[in-house]
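So the structure is just underneath, and the comments pick up after that.
The values are calculated or read from the model by the stated rules, or taken from the named source; none is laboratory data. Since the model is a prediction, treat every value here as computed from it, not as a measurement. When we count neighbours, we look across all protein chains shown, and the Cβ atoms used for this are built from the backbone with ideal geometry, even at glycine.
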Amino acid sequence: MTQWIDVCSFDDLEPNSGVCALVNNQQVAIFYFPNEDKIFAIGNYDPIGKANVLSRGMVGDIKGEPVVASPLYKQHFSLRSGQCLEQDDQVPCYSVRLYDGRVQLAEPT
Amino acid sequence: MSVKKTLVVIGNGMVGQNFLETLVTSSAYADYQVVTFCEEPRVAYDRVHLSEFFSGKSADDLSLVESGFFDKNNITLHLGDRALRIDRDNKQVVSQKGEKIAYDKVVIASGSYPFVPPMPGHDREGCLVYRTIEDLEAITKAAKNAKTGAVVGGGLLGLEAAKALTDLGLDTHVVEFAPRLMAVQLDEGGAAMLRSKIEALGVTIHTSKNTQKIVDGEHARHKMCFADGEELETDLILFSAGIRPRDDIAQESFLEIGQRGGIVIDNQCLTSDPDIYAIGECALWNNQIFGLVAPGYQMARTVVAQLEEKEAAFLGADMSTKLKLMGVDVASIGDAHAKTQGALIYTYQDGSSEIYKRIVVSADKKNLLGAVLVGDSSGYGTLLQYCLNGIELPENPDALILPSRSDESVGLGPDALPASAQICSCHDVSKGQVCEAITAGYQDIGALKSETKAATGCGGCTALLKSVLDCELDKLGFEVNTDICEHFPHTRQDLYNLVMVDEIKTFDELLTSHGRGRGCEVCRQAVGSILASYWNEYVLEKQHLGVQDTNDVYLANMQKDGTYSIVPRVTGGEISPDMLIALGEVGKKYGLYTKITGGQRIDLFGAQINQLPAIWDELIVAGFESGHAYGKSLRTVKSCVGSTWCRFGIDDSVSLAIELENRYKGLRAPHKIKMAVSGCTRECAEAQGKDIGVIATEHGWNLYVCGNGGMKPRHADLFATNLDKETLIKYIDRVLIFYVRTADRLQRTSVWMENMEGGLDYLKSVVIDDRLNICTQLEQQMDYVIETYQCEWKTTLESPEHLKRFRHFVNSDQLDEGVVFVEERGQVRPANEQEREQLVTFRPMEDA
């Protein structure tokens, strides 16, 4: 049974961009794609730039895979897996859902 | 180890210097101690572009010697001293100042001197020659009291000299002995076309004129009397009737001299003494003197190869030339006069566009022997390759010069050239060498130029080099794909045009109508920049948020630890004590690291997102506004203190810098733009290393464009001289918007210029002559950007909705605990990894 954690209001999200939330003392980057009505969440810590910045990167896709580009050195991280596309690094990836106007998150399994 | 031998190089002109540069990169360099004599008071400079001295270039601009070259390479330079003779018995070079240098080898590169016909009156005051910078200074001085000037000689150099006189504002005449201009290079038809084009520029041409004497004039200083009884009155006379080899040192040294002058050399460039070489215009090979630099460079390479004990020979040189004379394209290839037996001639003449083309082909119509082009020399590269490489001509050779009426291209594709084909004649770079460099990874035109040196001499082969590059990349399997990314099958320039034509205002609109997928950081950044340049809306509006890059998205510069730095605008670098104090107080209050930037501003480091609004609130109250240091936009206009305070200042550089900065602040562009204004030619603001540089002169402002410091420094190009402020601003407006419209993504103006077909001349023709008929549009666009300027921080602070974003966590007021500072020299800095491990108890999740 998935434990959903209440994070923020849907209105706190930024379209085609990211925000950072503090969830169980961990920094999570949450991205919202209004055109396809999708929300993704991955860890905010950039393991290559070594700073809490991924929520501030630009989003998009590489060959269909939704990604965020690190604002520091522009490596791409998959929003569906947290995998870095350029090198062998991975960040945590969270399930996320919209529930009654609230954004909710599940710990990575 | 053996003792080094001594090599004496006599003459530091273009060829002498080229020899030294070739030598120091060769294996022979280790064997020789090099001593060089330079008779002139300055080291080698570019004589080919001498006339640019009159359009604003200084002697320094024309210099060909990198500063420190002689010291760095341990070459002893005797400047302002002339080698008089070579004492071959004692193996010593003796100089005018009494130096005696023992030598093992000597290279004579003494060049040539202008021929002055020995007519009575040729040595009157105000009768000058055109060869050295001292000559130019004398011409400038003489021109001050002159209204008219006459050039004796209608050859290549004579017309260059005529350009100099027109630049000096004189009513200019050209007096030529032969019945036509450029008799060596051009046939009658070509010369006639050239004449009519030059006459249209206001220069009077007199051909078939044999000047017999020069006497006192009645209305002007001199009167030239011609053999046909006619006369010409003029205040200044320039002799440019050909060159003569400087062979006096060879005469003094008893070396063999040709009947009509010139130091006789063999295929190894050796004179009659096996230890003495001669190269360049002083040398006579096979009874020929070569009055161009390329053959001189070829001789220099031949001698360096001998010193390396390699086989090499100089076997003559192609004398084909392509140049712009007074703005007219002129080119001559090979046997332009059809002297070859049985040669056939094809001619094309277009009276309305004033274009003349002629090709000379072999009797069997298989080979191109020569060509003349006037008014349009775009076919030069192709024709030269046909000629030099003996490539078989198409069935109808006239197709090479007839305007193409269909899409069919008759140009010679680079693929058809053999590897031995010479692409760059100035530096003797073959297609094979270019291809090798491309394979080795030098795959853009700039890298290719610096690697191979091709197209860095006269630049005439740039277009050909580019086409070889494209063709080879294609063959190597690189699709020459100019699409900006996988989401748009368009270049940045295409996207800009789409935004303009379809009046597109958001990224989503553009993606829906012309792209696919979700976009990415490449196209989003590019489109964000285009929209901001064109519509100039507030960049943090919801619909634009997703296209703002790292720094723009929080209107501050992200540093390595995710904190931000803040750079308020300090226009022109002028700041009052009160403003300085205000900055200091903000820095102190928020614990920021402060540093002076390269652009005369102050950078405050170490702010977290949450702190940005409060910091800016205080800065705006103190009178600051956004410095746009976070944007790909105008950064700063640096200035020296100028005539207001400086003892040497010519004009008020600070006021102009402030005016320019206030005019262009907020203008977003493909990349950042830096400017500077210097109040005199001492150039303390370093304007020639900026995208836009302005330098005060006695008569106005000189405008420089497309310079760069940074990773790949580029000296800016002199764009226009002695402008009044109104014209200056008009030109800058146009250059900037043209850059914004046409540059690639993240392309600085320097690279934009390097890649621009037609280069500086093309940019001038667009901006000054309005050849694309767009200048009004460019100015309107700039006016719009200026009218819609806003301080983005002021706008942000006025809107609670936008301020809401400025927090690290969307669900907490905490700061980012991953940010850790330590103290250094009394200020904060980000902790390094070791320090963090000691200091941080909370660790950001790494493997959650």
>> Any residue in the stretch B:258-287 that is assigned by TED's automatic domain parsing to the domain that holds B:Gly11 and without any contact (Cβ under 8 Å) to a residue 40 or more places away in the chain sitting within a Cβ distance under 9 Å of a residue that is in a loop (DSSP other than H, G, I, E, B) and among the basic types (Lys, Arg)? List the pairs, counting only those 6 or more apart or interchain.
In response: B:Leu284/B:Arg260; B:Asn287/B:Arg260
>> Yes or no: the stretch B:185-207 includes at least one residue that is among the hydroxyl-bearing types (Ser, Thr, Tyr) and more than 30 Å from B:Asp350 (Cβ to Cβ).
In response: no
>> As an exercise: evaluate B:Glu231 against (1) at pLDDT 90 or above; (2) within 33 Å of the chain's Cα centre (by Cα) and give the number of the one condition it does not meet.
In response: (2)
>> Among the residues of the stretch B:496-510, what is the count of those that are surrounded by 22 or more Cβ atoms within 10 Å (Cβ to Cβ) and within 14 Å of chain A (Cβ to nearest Cβ)?
In response: 2
> Restricted to the stretch B:816-830, and to residues that are touching a Phe, Trp or Tyr at 6+ places or on another chain (Cβ under 9 Å) and within 11 Å of chain A (Cβ to nearest Cβ), which residue is nearest to A:Ala51 (Cα to Cα)?
Replying inline: B:Gly818
> What are the residues in the stretch A:15-33 that are in a loop (DSSP other than H, G, I, E, B), within 9 Å of chain B (Cβ to nearest Cβ) and surrounded by fewer than 22 Cβ atoms within 10 Å (Cβ to Cβ), if any?
Replying inline: A:Asn25
> Assuming B:Gly598 fulfils every condition listed in (1) farther than 13 Å from B:Val570 by Cα; (2) part of a loop (DSSP other than H, G, I, E, B); (3) out of contact with any Cys (no Cβ under 6 Å at 6 or more places or on another chain); (4) not basic (Lys, Arg) apart from one, which condition is it?
Replying inline: (1)
>> Being closer than 21 Å to B:Tyr534 by Cβ and touching a residue at least 12 places away in the same chain (Cβ under 8 Å) is the filter here; which residues of the stretch B:764-773 pass it?
In response: B:Val766, B:Val767
> Taking the stretch B:568-588 only, how many residues are in a helix (DSSP H, G or I), within 23 Å of B:Cys640 (Cβ to Cβ) and touching a Ser or Thr at 6+ places or on another chain (Cβ under 7 Å)?
Replying inline: 2
>> Take the conditions surrounded by fewer than 21 Cβ atoms within 10 Å (Cβ to Cβ), of a type in the set (Asp, Glu) and within 25 Å of B:Val677 (Cα to Cα) and apply them to B:Glu618. Does it pass?
In response: no
>> Looking for something out of contact with any Asp or Glu (no Cβ under 6 Å at 6 or more places or on another chain), modelled with pLDDT under 90, surrounded by fewer than 16 Cβ atoms within 10 Å (Cβ to Cβ) and not acidic (Asp, Glu) - is there at least one such residue anywhere in the stretch B:87-102?
In response: no
>> I'm told B:Asp470 meets every condition in (1) over 19 Å from B:Gln790 (Cβ atoms); (2) within 10 Å of another protein chain (Cβ to nearest Cβ) except one. Can you identify the failing condition by its number?
In response: (2)
>> Residue under question is A:Val96, and the condition is that it be more than 9 Å from every other protein chain (Cβ to nearest Cβ), within 16 Å of B:His808 (Cα to Cα), assigned to a strand (DSSP E or B) and in contact (Cβ under 8 Å) with a residue 60 or more places away in the chain; does it hold?
In response: no
> Among the residues of the stretch B:293-310, which ones are modelled with pLDDT of 90 or more and under 18 Å from B:Cys282 (Cβ atoms)?
Replying inline: B:Pro295, B:Gly296, B:Tyr297, B:Gln298, B:Met299, B:Ala300, B:Arg301, B:Thr302, B:Val303, B:Val304, B:Gln306
>> Suppose the filter is part of a loop (DSSP other than H, G, I, E, B) and within 12 Å of chain A (Cβ to nearest Cβ); does B:Val547 pass it?
In response: yes
> So which of B:Ser533, B:Ser513, B:Ser529, B:Ser565 ends up being at pLDDT below 95 and either assigned to a helix (DSSP H, G or I) or more than 11 Å from every other protein chain (Cβ to nearest Cβ) (or both)?
Replying inline: B:Ser513
> Tally time: how many residues in the stretch B:288-330 are of a type in the set (Lys, Arg), over 26 Å from B:Val372 (Cα atoms) and in contact (Cβ under 8 Å) with a residue 60 or more places away in the chain?
Replying inline: 1
> Looking only at the stretch A:40-62, which residues are facing another protein chain (nearest Cβ under 7 Å) and in a strand (DSSP E or B)?
Replying inline: A:Gly43, A:Tyr45, A:Ala51, A:Asn52, A:Met58, A:Val59, A:Gly60, A:Asp61, A:Ile62
> Being exposed (fewer than 15 other Cβ atoms within 10 Å of the Cβ), under 23 Å from B:Leu157 (Cα atoms) and of a type outside the set (D, E, K, R), is that true of even one residue in the stretch B:314-323?
Replying inline: yes
> Applying the selection to the stretch A:1-17, what residues are over 12 Å from A:Val96 (Cβ atoms) and in contact with a strand residue (DSSP E or B) (Cβ under 8 Å, 6 or more places away or on another chain)?
Replying inline: A:Gln3, A:Ser9, A:Asp12, A:Glu14, A:Pro15, A:Asn16, A:Ser17
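From the set of residues in the stretch B:704-731 that are of a type in the set (A, V, I, L, M) and more than 20 Å from B:Ile650 (Cβ to Cβ), which is surrounded by the fewest Cβ atoms within 10 Å (Cβ to Cβ)? Step through it out loud before you land on a result.
In the first step, residues of the stretch B:704-731 are kept if they are of a type in the set (A, V, I, L, M); the result is B:705, B:711, B:716, B:718, B:720, B:723, B:728-729.
Still in the running and more than 20 Å from B:Ile650 (Cβ to Cβ): B:705, B:711.
On the way: B:Val705: 26, B:Met711: 6.
Only one residue tops the list, namely B:Met711.
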>> Looking at B:Val621, B:Val570, B:Val641 in this structure, which one is among the β-branched types (Val, Ile, Thr), at negative phi and assigned by TED's automatic domain parsing to the domain that holds B:Gly710?
In response: B:Val641
>> For the stretch A:64-89, give me each residue that is in contact (Cβ under 8 Å) with a residue 40 or more places away in the chain and part of a strand (DSSP E or B).
In response: A:Val68
>> Anything in the stretch B:701-736 that is free of Cβ contacts under 8 Å to residues at least 12 places away in the same chain and more than 14 Å from B:Val751 (Cβ to Cβ)? List them, or say none.
In response: B:Glu726, B:Thr727
> Within the stretch B:492-508, which residues are polar (S, T, N, Q) and at pLDDT below 95?
Replying inline: B:Gln493, B:Asn497
